[in-house]
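These notes concern the structure reproduced below.
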Amino acid sequence: KQWYQRRVRGEDEDEVILPIPEGALVSILGIPVVVVLSKVDSMSILQKENDFSEEHFEYIQWHLRKACLAWGAGLLYCSPRENSNTKLLLDYMSHVFYGLKLKVEPQVVDRDAIFVPVGWDSPSKIGLLSDGFVQFSQSKPFAEQIAPLPDIRQKRVMKGEDDQLFLTRMQAVLVDKQKSGSPATTHKVLEGEAKGATKTPPPADGVLANFFNSLLT
């Protein structure tokens, strides 16, 4: 528990070890833990496409901070895409796991840059979020109030056609085109005959058909 307790230097440069607040370290994991939300730039998308409000994000933050308090973990929001808090994440990980010095104030106002270091939070500070809840209840489970969102990655998955099926389909198209006769090829042949041409180059469709036949065999 000693590593969890926050150390604050006073004017005399002496270290003051604060007591562990109520509700902290209820579930001791035995290792330093930092919870990182790495796609906070998606909040704007949730607002536009899923009608999320500021209260939604405060409710999510409230749950996260309660869990982190019980685990004795830190909490940090970042966005690699927008390069937000990424440097702070590296510095804080070095501080937590290697004991390097870090002088950064906690941030709980800006929803895109939340930073709650280990040992700073308390039930009274977390309660400031729940005091403004209108749409959400503290007693109901999280899953009952915020439904899971569909996986948008499923919409982007495209299944490729089998190579042999594609080549067979293209071969059938070329054969039908040769049987019906290509207007562009017929025009070139008639034009060549009008100019007294003795030899007409083979149609390009025939070359493509031979190419696809070689691939199929």
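With 31 Å as the limit on Cα-Cα distance, the pairs of 87/159; 66/159; 39/159 that go past it are 87/159; 66/159. When 116, 109 are compared by accessible area of protein heavy atoms, the largest-first order is 109, 116, using a 1.4 Å probe. Computed with a 1.4 Å probe on the full set of protein chains, the accessible area for residue 142 sits at about 80 Å². What are the trypsin sites (Lys or Arg not before Pro) within the stretch 38-69 that DSSP puts in a loop, where the Cβ has at most 15 other Cβ atoms within 10 Å? Passing sites in the stretch 38-69 are 39. Here residue 131 sits with roughly 120 square angstrom of accessible surface, probe radius 1.4 Å. Rolling a 1.4 Å probe across all protein chains gives residue 56 an accessible area of roughly 20 Å². Of the trypsin sites (Lys or Arg not before Pro) found in the stretch 69-153, those in coil by DSSP whose Cβ has at most 12 other Cβ atoms within 10 Å are 81, 101, 103. Solvent-accessible surface of protein heavy atoms, probed at 1.4 angstrom with all chains present, puts 98, 92 in the order 98, 92, largest first.
The values are calculated or read from the model by the stated rules, or taken from the named source; none is laboratory data. Bear in mind the structure is a predicted one, so any value in this text is a computation, not a measurement. Reconstructed Cβ throughout: ideal geometry from the backbone, glycine too, with neighbour counts over all protein chains shown. With ligands, DNA and RNA removed, areas are computed over all heavy atoms of the protein, side chains included. Shrake-Rupley method; radii C 1.70, N 1.55, O 1.52, S 1.80 Å.
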